[in-house]
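The values are calculated or read from the model by the stated rules, or taken from the named source; none is laboratory data. Owing to the predicted nature of the structure, the values given are computational and were not obtained by experimental measurement. Cβ placement follows ideal geometry from the backbone for every residue including glycine, while neighbour counts extend to all protein chains displayed.
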């Protein structure tokens, strides 16, 4: 079968578990060929395999040749699909070793979403002081952000990020208790990694992208106490929603940041 004819076949077929994914329990419907180029359809199929857990974070995926045979397309089409996923930091190419699923356990990816850096000197990774983990109910703001019902069970983590010995960020992180059951302060402290690496290794959910909103606030008594400043001190508030595969929101976070000597830095391309 030629690749050009595969476009219509892949686009119109309903993918059954045994047809492409072996025993992986999944199926998807793809749009018609007039809407998506073939490499984008292959990208969707690869993403569905990641969602289904066929390849875990840190594991290698099959070679381009194997994937081309699996999907009955050219290696060039597979390569383009993998390049697109690599550009989104979902996959990582390693010269001479193959292509791997990105993981937050790798040092250079643990703080990929952290944009607070010193105004002078090199970027430093913070240490973390966890304050507490509490159970509660989703507010209207959290429910809207995480696609939950108002009042759904949630787990809130509070912590302070310390840069060069100074408390700079006071974080409140809210997660669905249904997705992250039995989450305790002890478990988080024992993980000794970033919060995202802990959620990935402990619960199998990897954050692949995030949306943030920034605005200025005055420190309330709680934030002032945690950041060792007076109430009313200007802070940068960073609200974040983090997503896993399939654009599913799984984390709402509010970070209150001191900006004396530190800035929010984002490189645009």
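Worth pointing out:
- Candidates 235, 199, filtered to the one that is farther than 18 Å from residue 112 by Cα, crowded, with 19+ Cβ neighbours inside 10 Å and in contact with a strand residue (DSSP E or B) (Cβ under 9 Å, 6 or more places away or on another chain): 235
- The stretch 198-254, subset within 20 Å of residue 132 (Cα to Cα) and touching a helix residue (DSSP H, G or I) at 6+ places or on another chain (Cβ under 6 Å), residue modelled with the lowest pLDDT: 198
- Only one of 126, 57, 118, 62 that is surrounded by 14 or more Cβ atoms within 10 Å (Cβ to Cβ) and within 19 Å of residue 240 (Cβ to Cβ): 126
- Restricting the stretch 34-77 to residues that are assigned to a loop (DSSP other than H, G, I, E, B) and touching a strand residue (DSSP E or B) at 6+ places or on another chain (Cβ under 6 Å), the residue that is modelled with the lowest pLDDT: 57
- Candidates 180, 170: the one that is within 23 Å of residue 222 (Cβ to Cβ) and in contact with a helix residue (DSSP H, G or I) (Cβ under 7 Å, 6 or more places away or on another chain) is 170.
- With respect to the conditions (1) within 22 Å of the chain's Cα centre (by Cα); (2) part of a helix (DSSP H, G or I), residue 93 falls short on a single one, namely (2).
- Unmet criterion (only one of (1) within 21 Å of residue 203 (Cβ to Cβ); (2) free of Cβ contacts under 8 Å to residues at least 24 places away in the same chain; (3) not in a strand (DSSP E or B)) for residue 156: (3)
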